[in-house]
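The values are calculated or read from the model by the stated rules, or taken from the named source; none is laboratory data. Fair warning: this is a prediction, and the values are worked out from it, not measured in the lab. Don't worry about glycine lacking a Cβ; one is built from the backbone with ideal geometry, like all the others, and counts go over all protein chains shown.
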Amino acid sequence: MIVGERKPLGDILDMIKDYKKVLVVGCKGCVTVCNVGGEKEVGILASSIRISRKKDGNEITVDERTLERQCDPEYVDQLKDIVSDYDAMVSIACGVGPQFLAERYPDAAVYPGINTQFMGGALEHGVWAERCQGCGACLVHNFGGHCPIARCSKSLLHGPCGGSSGGKCEISKDVDCVWHLIVEKLAKQGKMDSLRKLVPTKNWSTSRDGGPRKVVREDLKL
Amino acid sequence: MKAGSNLEKVLTAGIFAITGECGPPRGANAEVVREKAKFLKGNVDSVNVTDNQTAVVRMSSLGASLILIQEGVEPNLQMTARDRNRIAVQSDILGAYALGIRNMLCLSGDHQKFGDHPEAKNVFDLDSMQLIQTVKKMRDEGTLINGHKLDGAPKMFIGCAANPFADPFEFRVYRLANKIDAGADFVQTQCIYNLERFRKWVDQANDMGLLENVFLMGGVTPMKSVGMAKYMKNSVPGMDVPDEIIKRLQGVPKGDQAKEGIKIAVETIHQLREMKGIAGVHLMAIEWEERVPEIVEMAGMLPRPVL
Ligand code: SF4
Ligand code: SF4
């Protein structure tokens, strides 16, 4: 899933300080699963805004809406009759959400309420970790099922570097050295040989480096 | 001869070699480099010039290397993959060779997180292994990564780093083997304080026959003080400083710690000299170049050969 973190309330209040009527828009996709932008969080953010503004003697109307997804025009469309009732919208979907809202409603003021972080998964309740950088040419099968692109701080294809220490990455004792995990796993499987070959330079053009990407599926087009 | 550098000549002649290190200044002051060159000239066979080491911005390795050449000191240009993509890497190699550089040390580079610009984008288009392969391809095949034929191949003597003290230990010798396969001609190791672990790693390398195909130089950094030793032990990832070293430094009066540090370094050099498969030492007297002449003298390595 795409994992995000809510922006500090102060930042959000600052963004909307000139408005009197705002719509907070959530999303039932990834951000619901990572507890940052679903129906519940929409409610929490909306009431936090109301309370703060009331305390400041500058009351505001905040309405709540949570769409099935904000990354599909079909659902974004559902706001069409109400958008003009608001001074602004705060989207707490991933970064795709505010963009789709702004594209669909060119006259609306749209603000991002979360900081989108990464593609990853839950390690335990309340802890998420990065797993994929969307390089466009997946090669995790060569590395014991671990991604060195997203999880090695230097995206090394030949690790572990000289900074790997006690299973941790040189950048922090809180970051696992994924190359340590790769070596450990392949050693256990008796496949260390596969780490004795040189990996060719990676073709990064399938990644963001090749420019903004688009996936076209002719078979699905109407 | 692959490149014909002084370092290559000394190593190929079977003479126990010594390389020094010069960290360029945090500014454009060429005098700093010239001053350091004075202490290194004639005392070492070649001098590594660091490339924004620890990700702190300094005068470029190429710039400082050129100043060394002007001063009559042979540079060993360090290049990291951290800050340049394959376009810049290859272009810098061509420029460096055209300007007279004949040795290169290929590194991944320290992550920028602890440098002076932690907000920088990191590049790592290639890693150290691929950087070595790139230099080799340019030198031996006379082409770029993409196969484009070069008008003038950069004949570099190719170096790489190895850290036997990083984890996981069992894998370290395989990583060395990969670097040799990639095309490394010589290897300089991380600073050695734990000789026992180093010896174990060298034994493994000898058992695999690796050291017949590469010149291995052991890294030595003299400690200036107990404070430095503790810092290296606790704060530098992949550095192994045993307690005995710290105790030994603590055992002498504060004013004598530097002398003791140099003594330890000289002893290490002697030990390395005795080890099978070790072709030389890489002396990294960090911001302490003025002590290089006496260390090399004490190690019995003067005068340096003129080949
Ligand atoms: S190899 Fe590429 S696609 Fe696969 S997990 Fe890593 S970044 Fe994602
Ligand atoms: S310590 Fe491990 S994860 Fe960190 S940069 Fe080095 S190889 Fe990558």
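One table, with the values for the structure above:
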{"quantity": "Residue match in the stretch B:180-194 (condition: modelled with pLDDT under 95, surrounded by fewer than 24 Cβ atoms within 10 Å (Cβ to Cβ) and in a loop (DSSP other than H, G, I, E, B))", "calculated": "no"}
{"quantity": "Failed condition for B:MET223, given (1) within 14 Å of chain A (Cβ to nearest Cβ); (2) more than 15 Å from B:HIS282 (Cβ to Cβ)", "calculated": "(1)"}
{"quantity": "Given (1) more than 11 Å from chain A (Cβ to nearest Cβ); (2) in a loop (DSSP other than H, G, I, E, B), index of the condition B:ILE158 fails", "calculated": "(2)"}
{"quantity": "Those strands (runs of 3 or more DSSP E) lying entirely in the stretch A:94-205 with at least 3 residues surrounded by fewer than 18 Cβ atoms within 10 Å (Cβ to Cβ)", "calculated": "A:114-124, A:127-132, A:172-176"}
{"quantity": "Pick from the stretch A:136-158, criterion more than 8 Å from ligand 1 (Cβ to nearest atom) and free of Cβ contacts under 8 Å to residues at least 24 places away in the same chain, ranking: farthest from the other protein chains (Cβ to nearest Cβ)", "calculated": "A:HIS141"}
{"quantity": "Test: residue in the stretch A:112-131 that is over 26 Å from A:GLN70 (Cα atoms), within 12 Å of ligand 2 (Cβ to nearest atom) and modelled with pLDDT of 95 or more", "calculated": "no"}
